[in-house]
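The structure appears below as structure tokens.
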Amino acid sequence: MSRRASYHTTVVWKGGHWGHLTMGNGPQMMFSAPPDAHGHAGVLTPEDAFVAAANTCIMMMFIWACKRLKLTLEAYECYAEGTKLIELDRTEIFTDLVLRPRIVVRADDGEDRQRVFRRVERALELAHKYSLVANSLRSKVTIEPAIELVPGP
């Protein structure tokens, strides 16, 4: 049986190119358009939030997949870059989102390292498959990992 869940945010215009964001989960912050769109530097922008939403969601799903596949995750850091296309009529769309995670997983002594490596790749596939945000995008999402296996204790 299907379930539903709702999430909410509230934005308030503060004048000029400033807004205040309150998330349903509690955090609050100022935001702006990016500097190249007459906004301000140093604060959250909708473009940053878009890229961050995909990056954080895939990370959380990767953690879930590692537990499911019994991988010992030692470290995860991911640089994500969204590329937007600006059309002649000034409409914009993110066309590509590339995530470059650096992943460190423990491979216990005697464990087949190739098998562990394939499980990490499978965890990435599952993270992408089950990411709510990635599944909700029209943009192409590509994951280009750097995976390191370290010996167990």
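Worth a mention:
- Whether region 57-153 is rounded, prolate or oblate, judged on the alpha carbon gyration tensor where a/c under 1.5 counts as rounded: prolate
- With contacts taken as Cα pairs under 8 Å and at least 6 residues apart, region 1-44 reaches a relative contact order of 26 percent.
- Calculated FRET value between Leu69 and Leu44, using beta carbons and R₀ = 35 Å, to 0.05: 0.55
- Tilt relative to the chain, helix 46-68 - C-alpha long axis, 0 to 90 degrees, to 10: 20
- The longest part of the chain holding none of the exposed loop trypsin sites (Lys or Arg not before Pro), meaning those outside H, G, I, E and B in DSSP with at most 14 other Cβ atoms within 10 Å, is 5-69.
- Selected from Ala37, Ala52, Leu71, residue furthest toward positive end of dipole (region 33-138; charges at beta carbon): Leu71
- Calculated mean residue ellipticity at 222 nm for the chain: -9500 deg cm²/dmol, from DSSP H runs with n ≥ 4 weighted as -39500 (n - 2.57), summed, divided by the residue count and rounded to 500.
- Net charge dipole size for the chain [Lys, Arg +1 and Asp, Glu -1 on Cβ; Debye, nearest 20]: 700
- Rounded tilt (10° steps) of 113-130 against the dominant C-alpha axis of the chain: 30
- Stretching Glu144 away from Thr95 to a fully extended chain increases their span by 16.0 nm, per 0.36 nm per residue minus the current alpha-carbon distance.
- Net length gained if the chain between Tyr130 and Arg4 were fully extended (0.36 nm per residue, minus Cα distance): 43.8 nm
- Three-way shape call for region 38-110 based on the alpha-carbon gyration tensor, with the a/c threshold at 1.5: prolate
- Cross-link pairs exceeding 23 Å in C-alpha to C-alpha distance, out of Lys14/Lys84; Lys70/Lys129; Lys70/Lys140, comprise Lys14/Lys84; Lys70/Lys140.
Readers should treat all values here as calculations from the given coordinates under stated rules, not as data from a laboratory. Just so we're clear, the structure is a prediction, and the values are computed from it rather than from any experiment. As a convention, Cβ positions derive from the backbone with ideal geometry for all residues, glycine included, and neighbour counts pool all protein chains shown.
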